1. Can you pull out every residue in the range 304-323 that is surrounded by 16 or more Cβ atoms within 10 Å (Cβ to Cβ) and among the β-branched types (V, I, T)?
2. Select from the range 317-346 the residues that are part of a helix (DSSP H, G or I) and touching an Asp or Glu at 6+ places or on another chain (Cβ under 8 Å) and list them in ascending order.
3. Run down P131, P135 and say which single residue is over 20 Å from S13 (Cα atoms) and surrounded by fewer than 22 Cβ atoms within 10 Å (Cβ to Cβ).
4. Tell me which strands (runs of 3 or more DSSP E) are completely within the range 407-458 and hold 1 or more residues being without any contact (Cβ under 8 Å) to a residue 40 or more places away in the chain, or say none if there are none.
5. Can you tell me which residue in the range 108-120 is farthest from P230 (Cα to Cα), limited to those that are open to solvent by 20 Å² or more (accessible area, probe 1.4 Å) and in contact with a strand residue (DSSP E or B) (Cβ under 9 Å, 6 or more places away or on another chain)?
6. Among the residues of the range 420-458, write down those that are among the hydroxyl-bearing types (S, T, Y) and under 23 Å from the mean Cα position of the chain (by Cα).
7. How many residues are closer than 20 Å to I105 by Cα and either assigned to a helix (DSSP H, G or I) or open to solvent by 10 Å² or more (accessible area, probe 1.4 Å) (or both) when one looks only at the range 155-171?
8. Being crowded, with 18+ Cβ neighbours inside 10 Å, under 30 Å from Q71 (Cα atoms) and of a type in the set (A, V, I, L, M): is that true of A193 here?
Amino acid sequence: MPILRKEVVCFVSKCMIKPHQISEEAHEEISLTPWDLTMLSAHLIQKGLLFANPSPLSSHEDGIMVKIIDQLKNSLSLTLGHFSPLSGRLSTKKQDDPSSYKVFIDCSNCQGAEFIHAIAESVTVADILNPLNVPPVVKSFFALDGSVNHDGHGKPLLVVQVTELVDGFFIGCSFNHVIGDGASFWHFFSTWAEICRSKGNIESISRPPIIKRWFTEEQQQAEYSGINLPYSHHDEFIDRYITPPPLDKRIFHFSAQSISQLKIKANNECCTNNISSLQALSALVWRAFTRALGVHGEQETTCRLVTNDRTRLKPPMSLDYFGCSTGVVMGTAKSQELLGHGLGWAAWLLHEAVAGRTDDNVRGWLNNWSTDPSFLHIGRFYGQPVVTIGSSPRFDMYGCEFGWGKAMAVRSGSALEYSGSVWSYPGCEGGGSMDLEICLRPETMSALASDEEFISSL
């Protein structure tokens, strides 16, 4: 099968979609929390869904795609009325005396989100699903490639690209990570799908988002005045990543039975029932990655897990909170320790790291952030024995039905990629199955694909 490159995608039209109406909860200025601000130097979230055509006819016949595009645009306008920050832009207030530098979301002009209609005339659904590696053309299903979130000062905070295929279409969203995390991304996506399949005939959405930003008691002043950053120019904290070396991206599917067996094995080895399915799977990936990379026995290797802090707080934050609320926990061990012990040992390290992300831990990090700001710079992981597992199989990705059938696959763009980045998704068939989208250097991917422990667990 020939490799499908980005050049096969042609752009038909672009337009700005504004909210049909603004909700009463919308604010002209929204102050940003440490969760939000730490993402300023990171890439956007780029995720999307692949659909087959709702008819046996070609998408170019009988105006099928015209109707789909129009319905997506109309429902997006209605959806933006509930998610007002996505129609704004980032803005910075600076002054010299006293020194002040504050980044916030400016919703006053309501510039809207961008909608792109594109066509990949020679690409079929099978061309996306069947190759061993995710084909390069998928990257061109997403806009704002290479942008960092700080670019939201001048670029849209949301760009939707709908790409027609020969027998299907792909809905890809480039979503500014300062505005929200993965939970917020799929909250928006599922609400858009809910409104679309109702054809706009919906009195109320099932999960109204909570737009107001959450601050600790010690940060209440920042809720109204913003967090002052110790900088005078964004070049002091924004990194422009160099293009990483060529990467292979591959989907690995784990059945519900395989996941269950991994979880049982990890727990049995540690005489516990506390290790979760995702922790067991993450431990498997960490060990296989370390072997594939050939990490020296005395060298440390790290597994980073992205956590949802909404459930870490006491009382827990609503899952409908629309914003960033993620943390990162890490398991670190020398290569010889990690590989000298069993799966359960690695899984327990990750379990303890997750368990340590407590209410006190989260609040302490939030309260101390402004005195020593830190930002996510993916570039520092290039060439390092670090695997990062993000997204979540708990996100109801396949529940995002727009009215033309269930999605066939989830795919991501090139944002936040390095050799060691992993995205976890629910399996298409559900029931506890999971998919991992793994990015590695070609030689490392080849070693991973022949790793006995990893492959025998599929």
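The values are calculated or read from the model by the stated rules, or taken from the named source; none is laboratory data. Predicted, not measured: the structure shown is a model, and the values here were computed from it. Reconstructed Cβ throughout: ideal geometry from the backbone, glycine too, with neighbour counts over all protein chains shown. Only protein heavy atoms, including side chains, enter the accessible area calculation; ligands, DNA and RNA are left aside. Shrake-Rupley method; radii C 1.70, N 1.55, O 1.52, S 1.80 Å.
1. Matches in the range 304-323: V306, T307.
2. Result: S335, Q336, L343, G344, W345.
3. From the options P131, P135, the qualifying one is P131.
4. Per the criteria, 421-426.
5. Step by step, filter the range 108-120, then rank; the result is I119.
6. Of everything in the range 420-458, those that are among the hydroxyl-bearing types (S, T, Y) and under 23 Å from the mean Cα position of the chain (by Cα) turn out to be S421, S424, Y425, S433.
7. 2
8. Details: crowded, with 18+ Cβ neighbours inside 10 Å: yes; under 30 Å from Q71 (Cα atoms): yes; of a type in the set (A, V, I, L, M): yes.
Yes, satisfied.
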